[in-house]
Amino acid sequence: IAIFGNTQQKNMEVLYDVAGGRVGFAPGGC
Amino acid sequence: FALAEADTHTVDLRSLFPATTCSPSTKGNKRKASLEVVHKHGPCSHLAQHKATATNHTQILEQDQVRVNSINSQIFKKLNGNEDLSQSKATTLPARWATSQGASNYVVTVGLGTPNKPLSLVFDTGSYLTWTQCQPCAGSCYPQKEPIFDPSASTSYTNISCNSTDCIQLRTTTKFNRCVADTCLYALEYGDSSYTIGLFATDKLTLTPNDVFDGFFFGCGQKNEGFINGTAGILGLSRNKFSIIEQTIQKYNRFFSYCLPPTASSTGYLSFGAPDGASNAAVKYTRLTTLSLSSDFYGIDVAGINVNGKKLSIPASVFSSPGTIIDSGTVISRLPSTAYTALRDAFRAAMTSYPLVPGPDEFLDTCYDLSSYPTVTYPKIEFVFGDGVTLELDATGIVYFLNGLKQVCLAFAENDDAND
């Protein structure tokens, strides 16, 4: 399985809209 | 720190090193149910006695591989119906690899019980059951920073009855079918043989003074073996009924977000609930998927990768079968062999002006000695999703500082042979 790990998620806001069936990314989030 | 050209990052890499003192971030929505996220090994963490291990990258990467093995075995055992696979594989792993959870470096502090007691928990989108070590530690507990939770001191603590539907459902999920008298037990075993066993219980969970949840299901660990970190347990954020996401559905409607800080000397946040007010135009949304082999993980539909603005020649099917997940606990992204080779080759082609040096092993095989360069230019990397959304990685998400500037490595790894 491929895994998108936490190093690649650094410094961006990761939003899980589970009910809406979507995941979002916003750069420079921290 | 970055002078970004169209398809490259030009960076003073020293600016990406963590400072010796903590610089808390001022970003994040403070009005929401928001918890501060700190790196377990950084100066913002209060887990002081564990800071000595901060630079032990060998251990961090070994633990990371154990976690990936654990995730794959959870999925693979569903593929071949062999429920004993993870256990049999686990016996082959060296004990020094410790817990698969040890690789999960990001920690939040929550309150549990009445009166509420602060507990530092690793937050983990790959785990569903929140658990913490509990007194009287009938089997064993490992050292942790805060006092170990004492259920007898909490007026809101309740054990779950063995015959309750919640116990039956947990037993079905975990394949652990035991009770003591009328009290429901839970057991979780990870891919390296570390495990926690204890009482399945409820108590009051306090995220913030305005975000308090009575009757929160969690594991009250009485025997906790193989864990070496100083945190009190796990905050489970995956998709199972007993994860915090499902248990807080009425208030947050299955919406959460986090930001992992760019360095270990700054802070991020973990928030619950949708953002207030106008939507953030900078957010790029893509489809959240469910793996056919496991519904617990959060799947994403990766279709391709761009390097230096150019699409790599990778068939989309490489990512879709058996699939791709997004995980807060895995440190280094894992790619199928075809994808990794294409990414590595493109990265190396863009870095020919820098001296390639040996990596630690085949795990990180593209490392450079950049110690004599005031700034370094390396290619941007983008992930392309099936619905056309393109995600550009932050400059900090492309390289891993294995040994300061003497070994700066491409922060991706190749999956093991799927048939192994």
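By counting other Cβ atoms within 10 Å of each Cβ, how are B:Asp345, B:Asp124 ranked from fewest to most? If you can, show how the numbers build up before the last one.
Details: B:Asp345 13, B:Asp124 23.
With the fewest neighbours first, B:Asp345, B:Asp124 line up as B:Asp345, B:Asp124.
Just from its helices, what would the mean residue ellipticity at 222 nm be for chain B, if runs of 4 or more DSSP H residues each count -39500 (n - 2.57) and the sum is divided by every residue, rounded to the nearest 500 deg cm²/dmol? The partial results should precede the final answer.
Details: 7 runs with 66 residues, N = 420.
Rounded to the nearest 500, the figure is -4500 deg cm²/dmol.
When the chain is fully extended, how far beyond the present Cα-Cα distance does B:Arg178 get from B:Lys241, taking 0.36 nm per residue of separation?
Answer, rounded to one decimal: 20.7 nm.
Only counting other Cβ atoms within 10 Å, I'd like B:Phe17, B:Phe347, B:Phe272 sorted with the fewest neighbours first. If you can, show how the numbers build up before the last one.
Values: B:Phe17 13, B:Phe347 19, B:Phe272 23.
Ranking B:Phe17, B:Phe347, B:Phe272 by Cβ neighbours within 10 Å, fewest first, gives B:Phe17, B:Phe347, B:Phe272.
Relative to the longest principal axis of the C-alpha atoms of chain B, give the angle of the C-alpha long axis of helix B:57-80, reported between 0 and 90° and rounded to the nearest 10°.
70 degrees
If the limit is 18 Å between Cα atoms, which of A:Lys10/B:Lys27; B:Lys40/B:Lys241; A:Lys10/B:Lys311; B:Lys117/B:Lys223 go over it?
Pairs exceeding the cut-off: B:Lys40/B:Lys241; A:Lys10/B:Lys311; B:Lys117/B:Lys223.
Picking from B:Ala181, B:Ala303, B:Ala264, which is most flexible by a Gaussian network model of chain B using Cα springs under 10 Å?
B:Ala181
Karplus couplings for region B:300-309 from phi (6.51 cos²θ - 1.76 cosθ + 1.60, θ = phi - 60°), rounded to Hz, Gly and Pro as x?
10, 9, 6, 10, x, 9, 10, 10, 6, x
Helix B:337-350 versus the longest principal axis of chain B: what angle, 0 to 90°, nearest 10, using Cα atoms?
40 degrees
What spacing in nm lies between the two simple spin-label points modelled at B:Ala281 and B:Thr158, each 7 Å away from Cα in the Cβ direction?
4.9 nm
What is region B:335-392 by shape, rounded, prolate or oblate, if you read a ≥ b ≥ c off the alpha carbon gyration tensor as root eigenvalues and call it rounded for a/c under 1.5, prolate for a/b larger than b/c, and oblate otherwise?
Values: a/c = 2.81, a/b = 1.51, b/c = 1.85.
Judged from the Cα gyration tensor, region B:335-392 comes out oblate (a/c at least 1.5, b/c at or above a/b).
Using a basic spin-label model with each label point 7 Å from the Cα along Cα→Cβ, how many nm lie between B:Asn56 and B:Gln135?
Placing both labels 7 Å beyond Cα along the Cβ direction yields 2.9 nm.
Where does each of B:Arg67, B:Arg348, B:Arg254 land when they are ranked from fewest to most other beta-carbon atoms within 10 angstrom?
Details: B:Arg67 28, B:Arg348 15, B:Arg254 19.
The fewest-first ordering by Cβ neighbours comes to B:Arg348, B:Arg254, B:Arg67.
Taking 7 Å along the Cα-to-C-beta vector as the label spot, tell me the B:Ala316-B:Ala6 distance in nanometres, rounded to one decimal.
Roughly 2.6 nm, to one decimal.
I want to verify a result. In a Gaussian network model of chain B, Cα cutoff 10 Å, which of these has the top mean-square fluctuation: B:Asn224, B:Asn280, B:Asn177?
Judging by the Gaussian network model, the answer is B:Asn280.
For region B:110-124, take each phi angle, set θ = phi - 60°, evaluate the Karplus expression 6.51 cos²θ - 1.76 cosθ + 1.60, and give the result in whole Hz per residue in order, putting x for glycine and proline.
Listing the rounded values in order: 10, x, 10, x, 10, x, 6, 10, x, 9, 8, 10, 5, 8, 9 Hz.
Go from 0 up to the bin containing the longest alpha carbon distance in region B:285-342, width 10 Å each, and give me the % of pairs per bin.
21, 51, 26, 2
Determine Rg/Rh for region B:223-336; Rg is computed over alpha-carbon atoms and Rh is the Kirkwood hydrodynamic estimate from the same atoms.
Numbers: Rg = 17.1 Å, Rh = 17.3 Å.
Result for region B:223-336 is an Rg/Rh of 0.99.
A short reminder: the numbers here are calculations on the coordinates, not readings from a lab. Remember, it's a predicted structure, so these values are computed and weren't measured experimentally. All Cβ positions, glycine included, derive from the backbone under ideal geometry; neighbour counts span all protein chains shown.
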